[in-house]
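See below for the structure under consideration.
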Amino acid sequence: MRIIRKYLFSVSYRLFRFLVKHLVFIYQKISNRDKDLESIVEFGDKNLTWINNNLGSLAFNFTIPKGLETELFDLKFKSPLVAASFKSDENLLDIWMKLGLGGSTYKTVMKSERSGNPRPRLQQIRLEREQCLVNALGLPGSGIDIFTKELLASPLWAYNRPLGISIGGENVDEYVSNFNDIEKTINGNVPDIYYYELNISCPNTDTGSCIGDDLDVLEKLVEHVRVNCSAAVSLKISPDWTNDRLRNIGEIIQKKDKMFVNAGNTQFRTIESLGLKSGQLPRNGGGLSGVAIFPRTLEMIHVFSDINIKIMATGGISTVHHLRAARDAGASLFGMATALIMDPYCIPKINNDLARY
Ligand SMILES: Cc1cc2nc3c(=O)[nH]c(=O)nc-3n(C[C@H](O)[C@H](O)[C@H](O)COP(=O)(O)O)c2cc1C
């Protein structure tokens, strides 16, 4: 029964999601609104939270099999699966940790509260025979003050698994000040099991600068962060950059202690190239995620493993086969976002498959 539980729940989750998605889309069509996947995700998140509060251990408690432990510098991950940065809702992160993640990265935090881009800004599309997402959320969030307070009081520390803090900024000064504010507040006040992720890939915002485009500025930012904390630090890079640019970024990482790369973020696509209608995303396009971007993830892993950089692979991972291919190419940790939205029971499935073979 314990073995089939994850498959039963997985099928139920997918079926429920499928039904809700189609009902909401029909409602949106009848009421002449643009298709908007975000309403479905919000509805699903509320239901998951209710289930977690009332039936959490039955629905979500899965043991991480032995033998999956992965170390990165002084961080110990009980499983190499990690939530990629895309949610800060403690309830959802809690569910994924219960399901067996080895660690979680919070959604990128910006200085002030932001509502993000106008909706619709999240869509589901079928590519390469797989369901993928495209988003142009524009980094909505509560801002650094609320984020830091919640981080200090987070029940997730009790899992004793690494937590990633993803830092963003409109410009280099904002990155520096966001990092300073967080590090000043949490250092010594939370367990020493956190890492920083500098989200240097272009944010989906009109004003957002892309620190990764200017290597001198990036190097100064990295230097500042490296000198002012002892935590491991990763750079979250964009699959849209050329391999030469990735190597340049790799050289910056190589010069520093306890640094790794997260390869990588979403891939920018225009609405035309995705077959979407105008009005279905703001800014004429957005970041593609899910299985369709996996080939580029593999290429990026090769670029960084060739120069001996430690790698968290993110982008299109949803099965043990993706994970093995990424591991064989040189990655040691595996971030997931789209797969967790599509079916979070992929976590115990992958953990078990990994332990078995
Ligand atoms: C809805 C959504 C929101 C995201 N928000 C962030 C973010 O705040 N910061 C970040 O670094 N990446 C963000 N990402 C990118 C993911 O962390 C991940 O790098 C990307 O989706 C590729 O992984 P996947 O194919 O497993 O989804 C977001 C992705 C999605 C789908």
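The values are calculated or read from the model by the stated rules, or taken from the named source; none is laboratory data. Since the structure is predicted, the reported quantities are computational estimates derived from the model, not experimental observations. All Cβ positions, even for glycine, are placed from backbone atoms using ideal geometry, and neighbour counts span all protein chains on display. Areas reflect the complete protein model, heavy atoms only, side chains present, ligands, DNA and RNA absent. Shrake-Rupley method; radii C 1.70, N 1.55, O 1.52, S 1.80 Å.
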Residue check for residue 80: under 30 Å from residue 354 (Cα atoms) and either touching a residue at least 24 places away in the same chain (Cβ under 8 Å) or open to solvent by less than 10 Å² (accessible area, probe 1.4 Å) (or both): yes
Taking the condition open to solvent by less than 10 Å² (accessible area, probe 1.4 Å), without any contact (Cβ under 8 Å) to a residue 60 or more places away in the chain and part of a loop (DSSP other than H, G, I, E, B), does residue 301 pass? no
With the first residue restricted to region 184-202 and required to be under 12 Å from residue 231 (Cα atoms) and open to solvent by 50 Å² or more (accessible area, probe 1.4 Å), and the second required to be of a type in the set (Gly, Ala, Ser) and at pLDDT below 95, Cβ contacts under 8 Å at 6 or more apart or on different chains are none
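Matching residues to (1) open to solvent by less than 10 Å² (accessible area, probe 1.4 Å); (2) at pLDDT 95 or above; (3) within 20 Å of residue 97 (Cβ to Cβ); (4) within 13 Å of the ligand (Cβ to nearest atom):
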| position | (1), (2), (3), (4) |
| --- | --- |
| 312 | yes, yes, yes, yes |
| 325 | no, yes, no, no |
| 330 | no, yes, no, no |
| 353 | no, yes, yes, no |
Does residue 236 satisfy the condition of being under 19 Å from residue 110 (Cβ atoms), modelled with pLDDT of 95 or more and outside any helix (DSSP H, G or I)? yes
May I ask you to list the residues in region 56-95 that are within 16 Å of the ligand (Cβ to nearest atom), more than 12 Å from residue 163 (Cα to Cα) and in a helix (DSSP H, G or I)? 92
Cross-chain or 6+ apart pairs with Cβ under 9 Å, region 89-100 first and at positive phi, then open to solvent by 10 Å² or more (accessible area, probe 1.4 Å) and modelled with pLDDT of 95 or more: 100/62; 100/63; 100/64; 100/65; 100/68; 100/78; 100/352
Yes or no: residue 335 farther than 29 Å from residue 3 by Cα and within 14 Å of the ligand (Cβ to nearest atom)? no
Qualifying residues in region 17-55 (those that are of a type in the set (D, E, K, R) and not in a helix (DSSP H, G or I)) - the one farthest from residue 337 (Cα to Cα): 33
Filter region 314-323 down to residues that are more than 9 Å from the ligand (Cβ to nearest atom) and not in a helix (DSSP H, G or I), then give me how many there are. 1
Which one is farthest from the ligand (Cβ to nearest atom), of the residues in region 221-233 that are assigned to a helix (DSSP H, G or I) and of a type in the set (A, V, I, L, M)? 227
Looking only at residues that are basic (Lys, Arg) and open to solvent by 80 Å² or more (accessible area, probe 1.4 Å) in region 18-53, which one is nearest to the chain's Cα centre (by Cα)? 46
